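Okay, so here's the structure we're looking at.
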Amino acid sequence: MTLAQIAFFILSVLALLSGILMITRRNVVHSVIWLIVSLFSVAGIFLLLEAEFLFAVQIILYVGGIMVLFLFAVMLVNVEASLKEARFNRQWGLALGTSLLLLVELAYGVYSARHGFRIVQASVAAGSANNTQLIGSALYGNYMLPVEIASILLLVAMVGAVIMTKRRLY
Amino acid sequence: MIPTDWFLLLGAGLFTIGVIGVLTRRNVLVILMSIELILNAVNINLVAFSHYLRSVDGQIFAIFVITDAAAEAAIGLGLIIALFRNKETVNADEIDLLKW
């Protein structure tokens, strides 16, 4: 077992465990903290996949942006009231069984196709453009229109968030 | 060298945890966070295939998914705050105004 595989096991166990802790904690603030741990582990997985730019984006945007937004919202709504209520709804047994069935199905699908994935390819040749450079030229080349559409989406989201949190519209 | 199917299994596991969170929790905020976990599982799959195919396109898609997640978090949290202001609850079982 190589060092990269050991790192993968540590990171994936951390991601899955903190994910499970995230959906089972009673206190929502603890859930947010465990989700942050899970997102950090996923960032490490991106690093293992040689996606350095996404590693940085994951930490800056997800952990630094979205999760802080979540913490703000958790602080704004009443945390104490939800501490006394039941965590899970009535259908949790059925939902758990169905989801585990889904997991078995997905795992079987990946397992039966595993021989297609074993081809070890050579790493990117040294001297070629690095990850950030490749992403930059792809975003401003082939993906010009999707980038513009995404910017409009973010603008709409920004205006929508402002409108929805306003007490009165005029 | 890590086989690609390990990453796919990790993505499947994270996806299932997210689905369990969406289906079983009563707190709307935790449901929204579970959706973020599902989007992360999708990102792992996209980046794993991008690595496998030696193409940067999967990472571009992951960036767009992160953009969507940011927009979704902003809108969703705005909705939750507006909901809490009107109904004084974040419990999904009590938000049944449209239920007949």
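Against the main long axis of the alpha-carbon atoms of chain B, helix B:28-52 sits at an angle near 10°.
Figure legend: label point modelled 7 angstrom from the Cα of residue A:114 along Cα→Cβ; residues of region B:1-15 with amide N under 15 Å from it are B:2-13. Averaging the sequence gap over all C-alpha pairs within less than 8 Å and six or more residues apart, then dividing by the number of residues, gives region A:1-87 a relative contact order of 30 percent. Calculated mean residue ellipticity, 222 nm, the protein assembly as shown: -24000 deg cm²/dmol, from DSSP H runs (n ≥ 4) at -39500 (n - 2.57) each, averaged per residue and rounded to 500.
Comparing A:158, A:22, A:75 in a Gaussian network model of chain A (Cα springs below 10 Å), the most mobile by mean-square fluctuation is A:158. Here residue B:99 is the anchor, and the lysines within straight C-alpha reach of less than 24 Å, apart from those fewer than 8 places off in the same chain, are B:87. If R0 is taken as 45 Å, the Cβ-Cβ distance between residue A:94 and residue A:145 corresponds to a FRET efficiency of 0.55. Put in order of Cβ neighbour count within 10 Å, fewest first, the listed residues B:84, A:72 become A:72, B:84. To the nearest ten degrees, helix B:57-87 and the longest principal axis of the Cα atoms of chain B are 10 degrees apart. Highest mobility in the GNM of chain A, judged by mean-square fluctuation with C-alpha springs under 10 Å and restricted to A:98, A:24, A:132, is found for A:98.
Structural size metrics of the protein assembly as shown, computed from C-alpha coordinates, are Rg and Dmax of 19.7, 64 Å. For region A:44-123, the Cα gyration tensor yields ellipsoid semi-axes of 35, 27, 6 Å (square root of five times each eigenvalue, largest first, whole Å).
Normalised by the number of residues in chain A, the mean separation of alpha-carbon contacts (under 8 Å, six or more apart) gives a relative contact order of 17 percent. Per residue of peptide A:84-94, the mean number of Cβ atoms on other chains within 10 Å of the residue Cβ is 4. Residue by residue along A:156-167, Cβ atoms of other protein chains within 10 Å of the local Cβ number 5 on average. For the options A:114, A:87, A:26, a Gaussian network treatment of chain A with springs between C-alpha atoms closer than 10 Å singles out A:114 as fluctuating the most.
Membrane-span-like helices in chain A, defined here as complete DSSP H runs extending at least 24 Å along the helix axis by their C-alpha atoms with mean Kyte-Doolittle hydropathy no lower than -0.5, are A:3-24, A:28-48, A:92-112, A:144-165; this is a sequence and geometry rule, not a statement about a membrane. Taking a point 7 Å from the Cα of residue B:1 along the Cα-to-Cβ direction, the residues of region A:1-27 with backbone N closer than 18 Å to it are A:1-8. The distance linking region A:138-157 with region B:44-100 is 18 Å (Cα centroid to Cα centroid, whole angstrom). Tell me whether region A:1-87 comes out rounded, prolate or oblate; compute the Cα gyration tensor, take square roots of the eigenvalues as a ≥ b ≥ c, and use a/c under 1.5 as the rounded threshold. Taking the square roots of the gyration eigenvalues as a ≥ b ≥ c, region A:1-87 is oblate. Counting, for every residue in B:55-65, the Cβ atoms of other protein chains within 10 Å of its Cβ and taking the mean gives 6. Computing FRET efficiency as 1/(1 + (r/R0)^6) for residue A:79 and residue A:13, where r is the C-beta to C-beta distance and R0 is 41 Å, gives about 0.90. Label sites at residue B:55 and residue B:94, each approximated as a point 7 angstrom past Cα along Cα to Cβ, lie 5.0 nm apart.
No lab work stands behind these numbers, since they all come straight from the coordinates. All of these numbers come straight from a predicted model, not from anything done at the bench. Cβ sites come from the backbone with ideal geometry, for glycine too, and all protein chains shown count toward neighbours.
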